[in-house]
Amino acid sequence: MGEQQELVTITIDGREVSVPPGTLLWEAARQLDIEIPIYCYHPKMDPLGACRMCFVEVKGMPKPMTACTTTVTPNMVVSTDSPMVKKSRRGTLEFLLINHPLDCPICDKGGECDLQDFTLRHGPGGTRFDLYKRHYVKPIAVSDRVLLDRERCIACQRCVRFCQDVAMENGLVMMERGFKTEVGVEEDAPFDSIFSGNVVEMCPVGALTAKSYRFVTRPWELKRTASVCGQCSVGCNVLVDVRVNKVLRQYSRTNDSIDEGFLCDRGRWNTELVNSPQRLRTPLIRRNGALEPATWEEALQLVAQRLRAVASTHGASAIGGIGSTHTTNEEAYLFQKLLRAGLGTNNVDHFHGRFPAMERNGLPWVWTDSIAGLEKASHIVLLGTDTYNRQPIVDLRIRRAIRKGTRVYVVTPEPSRLDRLAAGTIRYNEGQTGAVSRALLSAVLSEPLTRGDFATKRAASVAALRDSLAHTNTEALAAFAGADATALRALAREIAQADGAVLLYDEMATRESTGETLAQDVLQLALLTDNFGRPGAGTGPLMEDNNSLGARDMGLLPDQLPGYRMLADGAALAQAWGMTLPDTAGMDYDAMLAGGVRALYVMGADPARHATPEQLAQLEALDLLVVQELFLTETAKRATVVLPAVAYMEKDGTFTNTERAVQVVRRAMQELPGARADWQILIGVANALGLGWRYGSPLEVLAEIGRLVPLYAGISRRGLGAEGVRWPFSAGESDATGKPTLVGSPHLTWTMVEHGVTGNGDGAEPALPRAHGEQG
Amino acid sequence: MAMEMIKGLATTLKELGQKPTTVSYPEQKRELPERFRGRHVLHRYEGGLERCVGCYLCAGACPADAIYIEAEENTDEHCVSPGERYARVFDVNLLRCIFCGYCEQACPTGAITLERIYELSSMRPDDLVYHKEQLLEPVNSATRGSIEVWTPEPPTETATPIPARQGFFDGLEASAAAVGQGNLPAEQEILLEDAYDMPTPADATPESEG
Amino acid sequence: MIGEEVQVRLREIVSRYPSARSAMLPCLHLVQEEQGYITPEGIIAVAEAIGAKPDEVESVVTFYSMYTEEPKGRCVIKVCTSIACYLRGCDDVLAHLEQRLGIRKGETSSDGRFTLEAAECLAACGMAPAMQVNGRFFENVTTESADTLVDYLVSAGDTAALTSAWQPVSDGRGMATVSRLDAANPAVEAVEAADTADTTAQQNGAHER
């Protein structure tokens, strides 16, 4: 990568362009903004040369060449608008249109159809074919979500190649041959892939259409807003397509470092969140035991009055707040500010994985590498995480890595869709991810398989760690977890010899009974085997929700301020907020639910969903339960006051995804009448409490975050651009375009040194499953 | 000066004998020009199926944003138009409409035309948003409306339109036939599972039934 | 059912190729030979043997006209309808055969003897129109010669007769025609050996084991 490559200079339409050797003519022309029409070629897939649409004339060649399969050679002279090219394009289009039904008026693709567009721009005005067109039975369902209209197909094979090469799932294949060639699925094997929506998007004609989008609109009626998907923690870039205040679909907006232009079906078509008729449209207040509609003014005043009442009778520490993993960074920031500065308590938390306490200035518990970095890894180990269902687009990137030769190990309790492609799978009993990880660490220490500077420089610490783990050897732990010890030892050896291994675990696996030490063990495993601090090597959790990481970053934690600042370091914040901040750590999520507080403010969370019966009783016994929600959830049903909020498509803000990319979410539609964005509600509550907050928009909140949160220092909406930026970005600095510059991975490694084994590994042994099932 | 006055009076005298151009509306109705553009009418086929396939092209062409459509899929039980798609909602806001006739031009099936209906007044603005039921012509009285008046005669010396078969892609029958089901039985007959069984053009001609 | 013995043979075929996927065609031939046609179990068995997904195997099966997913008659007559044969009048031959056999193309006669098919290019354009009976080529076919062939097939009573007594014969210019069918003709005997080799190559792996 780093080496300077000899560039090849070619001439296209009289203009020179220099590109690396091996570049396709189509790519070179794109750099000059010259359009060469294509159907079968897709920039993310291998060229095929099936559609014959991309003809160009190359000087010295007797016949037109396909630009999607011809690579550049020095001093090539290419013409994309010569008479020969025009004639061949017209010919190709005339052939393609022979059997195309021309039912554009009722076709869902009409308006965004490549065949329409290219025919208009490059095609013939008419056809010489005056016989019958080929007809098939109109759409057949190839899955629950995708319909196939065979007579519209131009056999470009994009969909087929996507299924075979990118998704590597059972799916669409070409059937028959010659005149009868058609796309199809194997009998009794529907196209049940979570990536199936991509073939609908990449189909250049209307042969593959979406069931949920069928006949609901035409593309020119859509209001398309560039935003970020909020369905999972990957944060794929999308266009939110809205017609008359109804979200109809999300469409991909290519961001090569995250989604490469692919989306999962959940992100693409799950619009229930915002379109549902069950949404709350008015504040509700509990009167005489039942929730009744109320005005916003009433509701906000009641919340303020009751919060003050609880604070004066039981003290500020009797108030707690549970924040959300779904709301924007700005809202999370305002929420903890309301609790800390407004109400004077550190009782603020959210539903998250269990991570050990952090060192001052240590590395937060994050994925140290990136999604794009997965392709550089020689090994990927998935610990207790089902990426196919939870982070589908990360899963797609893992599949791409597999194609490039990466060995993937799926270490999960349940079979997963990646098993078929994995180099190895290890199964264990539900809830034992922690034990399995400790078994791997133990294997690395006992053989010993440690390597690299990090381990050698800390030989004493490593030895101490080895001794402390002596009683929990790999075999005992594997037996406890129900896993195959031999396979685990073999995997440990592979990790220790890997060029670069990425070890990923699910955030929620840390909440399992043995999960308490999971994060720390996996980190130590990566450090001691020298799989850290460079692209294609690293470790970290795959977060649960779209802004799980953002919620942590923004200080929805009882013991840390925004940007992972220690409570003791809160002076600057206190000064900026003009308050004195409480200096003792607050209650965490479980403590608050266990009856630690008298008043609970819940924003966009549903603790009742996974609460024990005792916790439910505690929720009902609270003096005050305020819930900000989209729907009447189990928690909202028990609330004193319910404040209707809006979904991410209806508000502005930023999300931080699982690989630390901070990206801009834009309002794509008007709020549901009667509901308000969480940030507006928080400001309303703050002002009812007399705090005098004057934020006019999330932009002003983001500016405050940029000033006060060290991790996000210098952040600005403009700097985030269209594709977002991954933290850490250097404080205050920005490049010529105003985009904050990134500090590379060396910085991360540096913080890691401060944090790693010396910090946590030598300390008292955390509770761990002892051999034969005793829980520590 | 005097000369000018005489000239003026002469004009007055000349016009005195003429029939007045005003009419006593509403007792009398004005004779309208052939291409007068009044309120929209949605047309049907002879069999009763609606011509409109809910393609939104009229709404897209409308410079005044006066047309609102929601389309839906025809089913075997509830088949409204030929082909797969029909307009479940079709509203024209006549307060916004500027009677330019672009919708008529955009329509691929000849479903919407501006007819010589001009008595459009109401005490309530809401009443001037015409819904599909008000715009549709009654069953069993299918007409082509003013579309024939508007369709220009092709110059005699032009080449045969392509494709050569008349009435297939000329904007009148065009897409409804291409869309292909409904009351166009001949077209439906050649909807086949196996393309090899396709009849030769001599076997069936859709226009003969349509 | 795909028996254990077939599985063993599948594995044996796969082992002969450097890349397992290359063994797809011979494996499919084997499965088709065993069951008469390619069944869903056959597809799964082949997919497992070569480590591909069943839908990829299905795609290949539908691509080649030499594989069938439906039971066929004992005598499969394929008439090429691609461009060269079309220009040389394959439509007439096909129509004639349809009439003669009383079945339409793609159908099997009720007694299970004949299946008539239209095939894409059989790679015999030089001697169009061409047709194949159970993998054996007949070229320069006319309605008359097709009739003669059917007469023979009907009288022979079984396709086995075809494979032993009915050999394509050459007219000395590399042309094999059905019109010159005379098993007793010494010329036939003379060219038989050479022709068999040719035909096998021509058949492009069609099932003759």
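Looking at A:Gly230 and the list (1) buried (at least 20 other Cβ atoms within 10 Å of the Cβ); (2) farther than 29 Å from A:Thr640 by Cα; (3) in contact (Cβ under 8 Å) with a residue 40 or more places away in the chain; (4) away from every other protein chain (no Cβ under 14 Å), which single condition is not satisfied?
Exception for A:Gly230: condition (2).
Counting only residues that are crowded, with 20+ Cβ neighbours inside 10 Å, within 11 Å of another protein chain (Cβ to nearest Cβ) and not in a strand (DSSP E or B), how many does the stretch B:58-99 have?
Of the residues in the stretch B:58-99, 7 are crowded, with 20+ Cβ neighbours inside 10 Å, within 11 Å of another protein chain (Cβ to nearest Cβ) and not in a strand (DSSP E or B).
Here's the yes/no breakdown for (1) within 14 Å of chain A (Cβ to nearest Cβ); (2) at pLDDT below 85:
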position: C:Ala118; (1), (2): yes, no
position: C:Gly126; (1), (2): no, no
position: C:Val141; (1), (2): no, no
position: C:Leu153; (1), (2): no, yes
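Return the residues of the stretch A:124-180 that are among the hydroxyl-bearing types (Ser, Thr, Tyr) and facing chain B (nearest Cβ under 10 Å); say none if nothing qualifies.
Within the stretch A:124-180, A:Thr127, A:Tyr132, A:Tyr136 qualify.
Residues that are buried (at least 21 other Cβ atoms within 10 Å of the Cβ) and either part of a loop (DSSP other than H, G, I, E, B) or charged (D, E, K, R) (or both): does the stretch A:173-181 have at least one?
no
Within 14 Å of chain C (Cβ to nearest Cβ), acidic (Asp, Glu) and either out of contact with any helix residue (DSSP H, G or I) (no Cβ under 6 Å at 6 or more places or on another chain) or more than 29 Å from C:Ala52 (Cα to Cα) (or both) - does that describe any residue in the stretch A:181-189?
Yes, some residue in the stretch A:181-189 is within 14 Å of chain C (Cβ to nearest Cβ), acidic (Asp, Glu) and either out of contact with any helix residue (DSSP H, G or I) (no Cβ under 6 Å at 6 or more places or on another chain) or more than 29 Å from C:Ala52 (Cα to Cα) (or both).
Checking A:Tyr589 against (1) touching a helix residue (DSSP H, G or I) at 6+ places or on another chain (Cβ under 8 Å); (2) over 13 Å from A:Phe351 (Cα atoms); (3) buried (at least 16 other Cβ atoms within 10 Å of the Cβ); (4) not aliphatic (A, V, I, L, M), only one condition comes out false. Which one?
For A:Tyr589, the exception is condition (2).
Tell me yes or no: at least one residue of the stretch B:109-127 is over 30 Å from A:Tyr136 (Cα atoms), in contact with a strand residue (DSSP E or B) (Cβ under 8 Å, 6 or more places away or on another chain), buried (at least 21 other Cβ atoms within 10 Å of the Cβ) and not basic (Lys, Arg).
yes
Got a sec? Which of A:Gly373, A:Gly384, A:Gly405, A:Gly424 is at positive phi and either out of contact with any Asp or Glu (no Cβ under 8 Å at 6 or more places or on another chain) or not assigned by TED's automatic domain parsing to the domain that holds A:Ala481 (or both)?
From the options A:Gly373, A:Gly384, A:Gly405, A:Gly424, the qualifying one is A:Gly405.
Within the stretch A:18-42, count every residue that is farther than 16 Å from A:Val78 by Cβ and either β-branched (Val, Ile, Thr) or in contact (Cβ under 8 Å) with a residue 60 or more places away in the chain (or both).
Selection size over the stretch A:18-42: 3.
Could you pull out the residue among C:Val60, C:Val31, C:Val46 that is away from chain A (no Cβ under 14 Å), in a helix (DSSP H, G or I) and surrounded by 14 or more Cβ atoms within 10 Å (Cβ to Cβ)?
From the options C:Val60, C:Val31, C:Val46, the qualifying one is C:Val31.
Could you tell me whether C:Leu116 is outside any helix (DSSP H, G or I) and without any contact (Cβ under 8 Å) to a residue 60 or more places away in the chain?
So C:Leu116 passes the test.
Determine, yes or no, whether A:Arg268 is assigned to a helix (DSSP H, G or I), touching a strand residue (DSSP E or B) at 6+ places or on another chain (Cβ under 7 Å) and not β-branched (Val, Ile, Thr).
So A:Arg268 passes the test.
With a cut-off of at least 1 residues that are among the charged types (D, E, K, R) and surrounded by 22 or more Cβ atoms within 10 Å (Cβ to Cβ), name the helices (runs of 4 or more DSSP H) lying wholly within the stretch A:445-537.
Correct list: A:518-528.
So that you can scan it fast, the table gives a plain yes or no per residue for (1) more than 14 Å from every other protein chain (Cβ to nearest Cβ); (2) free of Cβ contacts under 8 Å to residues at least 60 places away in the same chain:
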| residue | (1), (2) |
| --- | --- |
| A:Met53 | yes, no |
| A:Ala67 | yes, yes |
| A:Val78 | yes, no |
| A:Arg89 | yes, yes |
| A:His100 | no, no |
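Failed condition for C:Cys85, given (1) buried (at least 21 other Cβ atoms within 10 Å of the Cβ); (2) in contact with a Lys or Arg (Cβ under 9 Å, 6 or more places away or on another chain); (3) not in a loop (DSSP other than H, G, I, E, B), with all others met?
Here C:Cys85 meets the rest and fails (2).
Where residues in the stretch A:197-224 are outside any loop (DSSP other than H, G, I, E, B) and away from chain B (no Cβ under 14 Å), which of them is nearest to B:Tyr86 (Cα to Cα)?
For the stretch A:197-224, the residue satisfying everything is A:Leu208.
Of all the residues that make up the stretch A:553-587, how many are at pLDDT 90 or above and under 26 Å from the mean Cα position of the chain (by Cα)?
Final tally of qualifying residues: 9.
When you check A:Arg89 against the structure, is it more than 15 Å from A:Gly206 (Cα to Cα), buried (at least 21 other Cβ atoms within 10 Å of the Cβ), modelled with pLDDT of 90 or more and in contact with a strand residue (DSSP E or B) (Cβ under 7 Å, 6 or more places away or on another chain), yes or no?
It is true that A:Arg89 is more than 15 Å from A:Gly206 (Cα to Cα), buried (at least 21 other Cβ atoms within 10 Å of the Cβ), modelled with pLDDT of 90 or more and in contact with a strand residue (DSSP E or B) (Cβ under 7 Å, 6 or more places away or on another chain).
Tell me whether the stretch A:296-303 contains one or more residues that are assigned to a loop (DSSP other than H, G, I, E, B) and not assigned by TED's automatic domain parsing to the domain that holds A:Arg397.
Looking through the stretch A:296-303, none of the residues is assigned to a loop (DSSP other than H, G, I, E, B) and not assigned by TED's automatic domain parsing to the domain that holds A:Arg397.
If you check C:Val79, C:Val93, which single one turns out to be in contact with a strand residue (DSSP E or B) (Cβ under 7 Å, 6 or more places away or on another chain), at pLDDT 90 or above, among the hydrophobic types (A, V, I, L, M, F, W, C) and assigned to a strand (DSSP E or B)?
From the options C:Val79, C:Val93, the qualifying one is C:Val79.
The values are calculated or read from the model by the stated rules, or taken from the named source; none is laboratory data. All figures in this text were calculated on a predicted structure; none of them were measured in a lab. Here the Cβ is made from the backbone with ideal geometry for all residues, glycine too, and neighbour counts use every protein chain on show.
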